[in-house]
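Throughout, read-outs are computed from the coordinates displayed, never taken from laboratory work. Every value quoted in this text rests on a predicted model; they were computed, and no experiment measured them. All Cβ positions, glycine included, derive from the backbone under ideal geometry; neighbour counts span all protein chains shown.
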């Protein structure tokens, strides 16, 4: 099933799929719903696409006005597919593509502040829970205006106790669930960023 850019500067461009079955491309209707929710917040956003696969979500963000996207995947074929898709959509100049394990990345300091972090790991491995815990354990990744979005199968939903993040919304589209997390509002100043562990 071909995937394409839905809107923006690269609207209508077809994207390559990653060879094999290691990735799960987001359905167009879920992607469209996601960006309808984000609305104008995508303009000038800095976007982290973890487990990027084809790069479809990050490319959609760039097409719709995000200023910079960091694409992360651990799979060499996915990295090549993302680079090919960025070339095809003429958006490579606003993208950084890194082949690295997502959990290893999140132990490091962020390269720049992110306004949106999109998490769509392989299903049924508990990875999304581990990623949310890793973000929470290194809160340098979580600014006061950072939105974290996890794309999971509804059967993967599980309780999650976090210190700095809280779930603010969730939306279900067939067998896809989008869970939205933001930084908890505390009694102290929002300007006081928590220290890394």
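With axes computed from alpha carbons, what is the tilt in degrees of helix 28-38 against the longest principal axis of the chain, rounded to the nearest 10 within 0 to 90?
Helix 28-38 sits roughly 40 degrees off the main axis of the chain.
If I fit a long axis through the Cα atoms of helix 76-89 and take the longest principal axis of the Cα atoms of the chain, what angle between them do I get, 0 to 90°, rounded to 10?
70 degrees
For the stretch 82-134 and the stretch 53-67, compute the distance between their C-alpha centroids and round to whole Å.
If you average the Cα positions of each part, the centres end up 12 Å apart.
Within the stretch 66-88, find all residues whose amide N lies under 19 Å from a label point positioned 7 Å from the Cα of residue 44 along Cα-to-beta-carbon.
Only 66-70 pass the distance filter.
Please say if the stretch 3-183 is rounded, prolate or oblate, where rounded means a/c under 1.5 for a ≥ b ≥ c the square roots of the C-alpha gyration tensor eigenvalues, and otherwise the choice is prolate for a/b larger than b/c and oblate otherwise?
Rounded, since a/c falls under 1.5.
May I ask you to derive the relative contact order of the chain, considering only C-alpha pairs under 8 Å and at least 6 residues apart, and to give it as an integer percent?
Across the chain, relative contact order equals 16 percent.
For the chain, what is the calculated [θ] at 222 nm in deg cm²/dmol (nearest 500), taking -39500 (n - 2.57) for each run of four or more DSSP H residues and dividing by its residue count?
-7000 deg cm²/dmol
Could you work out how far helix 127-137 tilts from the main Cα principal axis of the chain, as a 0 to 90 degree angle to the nearest 10?
Between the helix axis and the principal axis of the chain, the angle is about 50 degrees.
Take the Cβ-Cβ distance between residue 37 and residue 76 as r, set R0 to 25 Å, and report the resulting FRET efficiency rounded to the nearest 0.05.
Result of the calculation: an efficiency of 0.20.
Assign one of three labels to the stretch 99-156, namely rounded, prolate or oblate, based on the Cα gyration tensor with a ≥ b ≥ c the square roots of its eigenvalues; rounded applies when a/c is under 1.5, prolate when it is not and a/b is larger than b/c, and oblate otherwise.
Note, shape of the stretch 99-156 comes out prolate.
To the nearest 0.05, how large is the calculated FRET efficiency for residue 83 and residue 145 if R₀ is 45 Å and r is the Cβ-Cβ distance?
That gives a FRET efficiency of 0.95.
Relative to the present Cα-Cα distance, how much length would full extension add between residue 186 and residue 123 at 0.36 nm per residue of separation?
Gain on stretching residue 186 to residue 123: 19.4 nm.
In nm, give the distance between the simple-model label positions of residue 99 and residue 158, each being 7 Å from the Cα along the Cα-to-Cβ direction.
In this crude label model, residue 99 to residue 158 measures out at 3.0 nm.
Cβ neighbours within 10 Å, averaged per peptide: list 86-95, 52-61 in order, most packed at the top.
Top of the packing list down: 52-61, 86-95.
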